[in-house]
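Have a look at the structure below, then the notes.
The values are calculated or read from the model by the stated rules, or taken from the named source; none is laboratory data. Small disclaimer: the values here were computed from a predicted structure and weren't measured. Quick reminder, even Gly has a Cβ in these numbers, built from the backbone with ideal geometry, and neighbours come from all protein chains shown. Side chains included, ligands, DNA and RNA excluded: accessible areas come from the protein's heavy atoms. Shrake-Rupley method; radii C 1.70, N 1.55, O 1.52, S 1.80 Å.
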Amino acid sequence: MLRLLEGFHYTETKEADKADLILINTCSVREKPEHKVYSALGRFRKLKERKGMVIGVAGCVAQQEGERMLDRVPYLDLVIGTHAIPMLAELLERIEVSGQRVCETRFDRSGEYLKALLPEKPLAKVKSYVTIMQGCDHFCSFCIVPYVRGGERSRPSWEILEEIRHLAEMGVKEVFLLGQNVNGYGKGLEREVDFPRLLDQINEIEGIERIRFTTSHPADLSDALIQDFSELEKLCEHIHLPFQSGSDRILKAMHRGYTKESYLERIKRLKEVCPSIAITADVIVGFPGEEEEDFKETLDLMEKVKFDDLFSFKYSPRKGTRAAQLQNQVEEEVKQDRLSILQKIQREITFQKNLTLEGKVEEVLVESLSKQSNQDVTGRTRSNKIVNFPGDMNLAGKLVSVKILKAYPHSLFPSAG
Ligand code: SF4
């Protein structure tokens, strides 16, 4: 959005009271951010009364709430849905000229909106995120994404490759490919390019040193993609593969499309092909109907996989999803207990995994100065672990071999270069 508006003489300011336009970009995967949007709008109300700027909300909450947001917040000028971003400047002009409040949340079935994601002027950085697809066809029963982002839509491969070549010319060394389900990349495109094929092509781009991606759906993790971890030298040894639950009964209720056994089989295959691969995942505790036995299955899966890190959440009902209508919701206290047990176990696993790196030499791509100290730089290993070590900005964008002297429980590795 910033890039789009730069072409219309907008410049960025970090101070709200200097802005002519305040845009709140939103996510509605969890419920809390939705509440935060309304409290942020509340904070900007006074500013709006004093300065008369334009206030807008973009993203998934905007898509989901639509006109309701305009009804609820009388001083809100713009609600712009996930597919309408390319129209941003046009909608702002309409507001300016007519003084009307605008809500635009139509889905663009043609996929044209994805073109707006192609930057004309990438920001010079070491690492850059590149959206390759949006939307999801899976309809997990707890998730709002397919309703607010629509079905899977992929950007043409030539466009992605052009963007990445451009980024490489600007000095970017690492590309992080983004999509709700990157494994589904290519569906519906005229030319047959699937995700492994796209990775092969990115791997050939001169100047790019590292490739990462997220998120992968376990049911769509093909053998060809797993094989890429041993064949593509630029593809980093890390995969984020959400499992959500270890219980087949709950996985079925979640509509995830795989079983605990088939998930473990994919993990086994990944470790065979790439023994050093780091694996992280998302898990939900307290999905409706989750019994103690189901929770034990989740813990068992964690023990079997030994994830490098885990993003764990208590289930919270999302309005408009099928799971929100289920009657057998789990009590808050039980959810909290399960989350605490799970997180304690994972902390120990993460620490043990980190300890195995002590004494090892890791390749680190230096990204920036460390937040803690101006004398240190920060970067990541190929397995996506953060490393801080003494150095200055001359190292930014360089691949440096770093010996890990000490591992700590919270996955950070302050170490010496
Ligand atoms: Fe949501 Fe991911 Fe399931 Fe798609 S695969 S519905 S994005 S949880």
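Pairs, please: C-beta under 6 Å, at least 6 apart or cross-chain, first residue over 10 Å from Phe107 (Cα atoms) and touching a residue at least 40 places away in the same chain (Cβ under 8 Å) and in the range 138-150, second within 6 Å of the ligand (Cβ to nearest atom) and open to solvent by 30 Å² or more (accessible area, probe 1.4 Å)?
Listed pairs, sorted by first residue: Val145/Gln180.
Hey, among the residues in the range 234-275 that are within 23 Å of the chain's Cα centre (by Cα) and over 24 Å from Tyr315 (Cα atoms), which one's nearest to the ligand (Cβ to nearest atom)?
Arg266
Output the number of residues of the range 6-52 satisfying the condition of being within 16 Å of the ligand (Cβ to nearest atom) and open to solvent by 90 Å² or more (accessible area, probe 1.4 Å).
Final tally of qualifying residues: 1.
Scan Val330, Val283 and give me the residue that is away from the ligand (no atom under 16 Å from the Cβ) and open to solvent by less than 50 Å² (accessible area, probe 1.4 Å).
Val330 is the lone residue from the list that is away from the ligand (no atom under 16 Å from the Cβ) and open to solvent by less than 50 Å² (accessible area, probe 1.4 Å).
From the set of residues in the range 360-404 that are under 27 Å from Ala281 (Cβ atoms) and not in a strand (DSSP E or B), which is least open to solvent (accessible area, probe 1.4 Å)?
Within the range 360-404, the match that is least open to solvent (accessible area, probe 1.4 Å) is Ile404.
Among (1) touching an Asp or Glu at 6+ places or on another chain (Cβ under 6 Å); (2) open to solvent by 10 Å² or more (accessible area, probe 1.4 Å), which single condition is Leu299 missing?
(1)
Please state which one of Arg256, Arg269, Arg249, Arg212 is in contact (Cβ under 8 Å) with a residue 24 or more places away in the chain, closer than 30 Å to Pro156 by Cα and either open to solvent by 30 Å² or more (accessible area, probe 1.4 Å) or part of a helix (DSSP H, G or I) (or both).
Answer to the check: Arg269.
Any idea which residue in the range 1-31 is nearest to Glu93 (Cα to Cα), counting only those that are part of a helix (DSSP H, G or I) and in contact (Cβ under 8 Å) with a residue 24 or more places away in the chain?
Of all residues in the range 1-31, those part of a helix (DSSP H, G or I) come to 2-6, 16-18, 31.
Keeping just the survivors that are in contact (Cβ under 8 Å) with a residue 24 or more places away in the chain gives 3-6, 16-17, 31.
Values: Arg3: 17, Leu4: 13, Leu5: 11, Glu6: 14, Ala16: 20, Asp17: 21, Glu31: 32 Å.
Among them, the one singled out is Leu5.
Could you grab me the full set of residues in the range 175-192 that are touching a Gly at 6+ places or on another chain (Cβ under 8 Å) and either away from the ligand (no atom under 16 Å from the Cβ) or more than 22 Å from His240 (Cα to Cα) (or both)?
Within the range 175-192, Gly188, Glu192 qualify.
Restricting to the range 74-91, count the residues that are closer than 28 Å to Arg50 by Cβ, open to solvent by 10 Å² or more (accessible area, probe 1.4 Å) and either of a type in the set (A, V, I, L, M, F, W, C) or touching a residue at least 60 places away in the same chain (Cβ under 8 Å) (or both).
Result for the range 74-91: 1.
Restricting attention to the range 182-192, report how many residues are open to solvent by less than 10 Å² (accessible area, probe 1.4 Å) and not in a helix (DSSP H, G or I).
Residues of the range 182-192 that are open to solvent by less than 10 Å² (accessible area, probe 1.4 Å), as a first pass: 182, 184-185.
Okay, now just the ones that are also not in a helix (DSSP H, G or I), so 185.
Residues flagged as open to solvent by less than 10 Å² (accessible area, probe 1.4 Å) and not in a helix (DSSP H, G or I) within the range 182-192 amount to 1.
Out of curiosity, is Gly179 modelled with pLDDT of 95 or more, surrounded by 19 or more Cβ atoms within 10 Å (Cβ to Cβ) and within 23 Å of Phe313 (Cα to Cα)?
no
Among Phe311, Phe295, Phe307, Phe351, which is touching a strand residue (DSSP E or B) at 6+ places or on another chain (Cβ under 7 Å) and at pLDDT below 95? Don't jump to the end; show me each part of the working.
Numbers: Phe295 fails: at pLDDT below 95; Phe307 fails: at pLDDT below 95; Phe351 fails: touching a strand residue (DSSP E or B) at 6+ places or on another chain (Cβ under 7 Å).
Just one listed residue meets the conditions, Phe311.
Go through the range 198-209 residue by residue and tally those that are in contact with a Gly (Cβ under 9 Å, 6 or more places away or on another chain) and either within 14 Å of the ligand (Cβ to nearest atom) or closer than 17 Å to Pro156 by Cβ (or both).
Within the range 198-209, residues that are in contact with a Gly (Cβ under 9 Å, 6 or more places away or on another chain) and either within 14 Å of the ligand (Cβ to nearest atom) or closer than 17 Å to Pro156 by Cβ (or both) number 1.
Does Phe195 meet the test of being crowded, with 22+ Cβ neighbours inside 10 Å and either within 16 Å of the ligand (Cβ to nearest atom) or not polar (S, T, N, Q) (or both)?
On the way: crowded, with 22+ Cβ neighbours inside 10 Å: yes; either within 16 Å of the ligand (Cβ to nearest atom) or not polar (S, T, N, Q) (or both): yes.
Against the criterion (crowded, with 22+ Cβ neighbours inside 10 Å and either within 16 Å of the ligand (Cβ to nearest atom) or not polar (S, T, N, Q) (or both)), Phe195 qualifies.
Inspect all residues belonging to the range 66-76 and state whether any of them is in contact with a Cys (Cβ under 6 Å, 6 or more places away or on another chain) and of a type in the set (Asp, Glu).
yes
Looking only at the range 49-59, count every residue that is of a type in the set (A, V, I, L, M, F, W, C) and at pLDDT below 90 and tell me the total.
Residues that pass the stated criteria total 1.
Quick check on the range 71-83. Is at least one of its residues within 27 Å of Arg153 (Cβ to Cβ), within 16 Å of the ligand (Cβ to nearest atom) and touching a strand residue (DSSP E or B) at 6+ places or on another chain (Cβ under 8 Å)?
Yes: one or more hits.
Checking Val172 against (1) crowded, with 21+ Cβ neighbours inside 10 Å; (2) within 13 Å of the ligand (Cβ to nearest atom), only one condition comes out false. Which one?
All conditions are met except number (2).
Can you name the number of the only condition in (1) touching a helix residue (DSSP H, G or I) at 6+ places or on another chain (Cβ under 7 Å); (2) at pLDDT 90 or above; (3) in a loop (DSSP other than H, G, I, E, B) that Pro74 fails?
Only one criterion is unmet by Pro74, namely (1).
Return the only residue of Tyr129, Tyr147 being outside any loop (DSSP other than H, G, I, E, B), touching a helix residue (DSSP H, G or I) at 6+ places or on another chain (Cβ under 8 Å) and open to solvent by 20 Å² or more (accessible area, probe 1.4 Å).
Testing whether each residue is outside any loop (DSSP other than H, G, I, E, B), touching a helix residue (DSSP H, G or I) at 6+ places or on another chain (Cβ under 8 Å) and open to solvent by 20 Å² or more (accessible area, probe 1.4 Å) leaves just Tyr147.
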